[in-house]
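Here the structure comes first, spelled out in structure tokens, and everything after it is commentary.
A short reminder: the numbers here are calculations on the coordinates, not readings from a lab. Here the structure is a predicted model, which is why all the values come from computation and not from measurement. No Cβ is skipped: glycine too gets one built from the backbone with ideal geometry, and neighbour counts run over all protein chains shown.
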Amino acid sequence: MTANGLVITKEQAQEILAYLEAHVPLEACGLLAGKGNRVEKVLFVRNQAQSPVRFVMDAEEQLRAFEWMDEHGLDLLGIFHSHPAGPETVSPTDIAEAAYEVVHVVCSRKGGKWTWRGFWIENGKARETPLHIET
Ligand SMILES: [Zn+2]
């Protein structure tokens, strides 16, 4: 389990932020696959909601991403999405719709600068979990 946080490489972090930035003002999302608490692959999934305040993963793309993880022997460690206009924390909707016991990474943007926070969501409650972004 990944309740103790995630390790994300500098390259992965840059890849994610470039993708999120390209989708501003819309929220964008994706999956973090790996082993233990170490992310090995970032899988981007289209935000079907195409909304600045909400994300819904495209079911077809999400299924393909899960199949890819299976084929490569990787586990789902996290789900990330952006809050292009904040807040820095998971929203009540994020908590209500959290379907997997994985780290929920929120990248929020304020004044053109992105911040990262990780949350573990269980039984309708979110608590912060550390993200280790290698530099
Ligand atoms: Zn959210």
- request: Please enumerate the residues belonging to region 48-90 that are assigned to a loop (DSSP other than H, G, I, E, B) and either free of Cβ contacts under 8 Å to residues at least 12 places away in the same chain or over 23 Å from L131 (Cβ atoms) (or both).
  value: Q48, A49, Q50, S51, P52, V56, D58, G73
query: Inside region 98-135, can you point out the residues that are surrounded by 12 or more Cβ atoms within 10 Å (Cβ to Cβ) and free of Cβ contacts under 8 Å to residues at least 12 places away in the same chain?
result: E128
task: Go through the residues of region 49-58 one by one and say whether even a single one is surrounded by 19 or more Cβ atoms within 10 Å (Cβ to Cβ), out of contact with any helix residue (DSSP H, G or I) (no Cβ under 8 Å at 6 or more places or on another chain) and not acidic (D, E).
output: yes
task: Could you list, in sequence order, all residues of region 31-63 that are of a type in the set (A, V, I, L, M) and within 16 Å of the ligand (Cβ to nearest atom)?
output: L31, L32, V45, A49, V53, V56, M57
Boolean, V105 is aliphatic (A, V, I, L, M) and part of a strand (DSSP E or B): yes
